[in-house]
Amino acid sequence: MRNLRHTIDDESGSLVPLTSGLFLVLLILSLGIVNLGDSYLGKRELIQVAEAAAQVGAHQLELQSYYGDGLSDSSQLGDRIPIDCPAAQSAVAAYIRAANLRGESIALATFGCHDNQVDIGLSSSIAPVVSFPIFVDISGGRVSVRADVSAVSVFGNK
């Protein structure tokens, strides 16, 4: 009986489960930080695609103002040539259809065009670097990313 009591009161080796538990928590946090950093990089990649698409749209000028007398609609814009909005929207849509984000399709979420400015919003999803089972149950294992950018046409009459 004394030997059993001595074995129960002996605390040697109790540091091993504590160390193992803390290591596991540290490992999970590290993997979460890796996923967070990868999500940031995915958003940055989508912003680069959005900026290029917005520039393509901003270069679709209203040709009548560009080649015409230069006084039609550009007189209100401070000698800037206005953008042909339907042409800009189709050019942006074509650019987005040809682009991808890590092999995934990109959707044109919003499009706005007025005077000499194009505003677009893109959305896509990426796979996380490390997939946690609980994360797969909650979001389907995908991380949604969105980017909103604007571009202004700098072409003018003078």
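The values are calculated or read from the model by the stated rules, or taken from the named source; none is laboratory data. Every value quoted in this text rests on a predicted model; they were computed, and no experiment measured them. A quick note on method: Cβ atoms are made from the backbone with ideal geometry, for glycine too, and the neighbour counts reach across all protein chains shown.
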Practice prompt. For the range 84-112, enumerate the residues that are modelled with pLDDT under 95, in a strand (DSSP E or B) and touching an Asp or Glu at 6+ places or on another chain (Cβ under 9 Å).
Written response: LEU101
Worksheet entry | Options GLY57, GLY121, GLY37: the member that is assigned to a helix (DSSP H, G or I) and touching a strand residue (DSSP E or B) at 6+ places or on another chain (Cβ under 9 Å) | GLY57
Discussion item. Out of everything in the range 106-130 that is under 13 Å from the mean Cα position of the chain (by Cα) and under 20 Å from ASN35 (Cα atoms), what residue ends up being surrounded by the fewest Cβ atoms within 10 Å (Cβ to Cβ)?
Written reply: ALA127
Worksheet item: Which residues, counting only those in the range 33-48, are in contact (Cβ under 8 Å) with a residue 60 or more places away in the chain and more than 15 Å from ALA127 (Cβ to Cβ)?
Response: ILE47
Discussion item. Among (1) in contact with a Leu (Cβ under 9 Å, 6 or more places away or on another chain); (2) among the hydroxyl-bearing types (Ser, Thr, Tyr); (3) at pLDDT below 90, there is one condition SER139 misses while meeting the rest; what is its number?
Written reply: (1)
Worksheet item: Restricting attention to the range 60-74, does a residue exist that is in contact with a Gly (Cβ under 8 Å, 6 or more places away or on another chain), more than 30 Å from PHE132 (Cβ to Cβ) and at pLDDT below 85?
Response: yes
Discussion item. Suppose the filter is at pLDDT 90 or above and either closer than 15 Å to VAL56 by Cβ or exposed (fewer than 15 other Cβ atoms within 10 Å of the Cβ) (or both); does GLY156 pass it?
Written reply: no
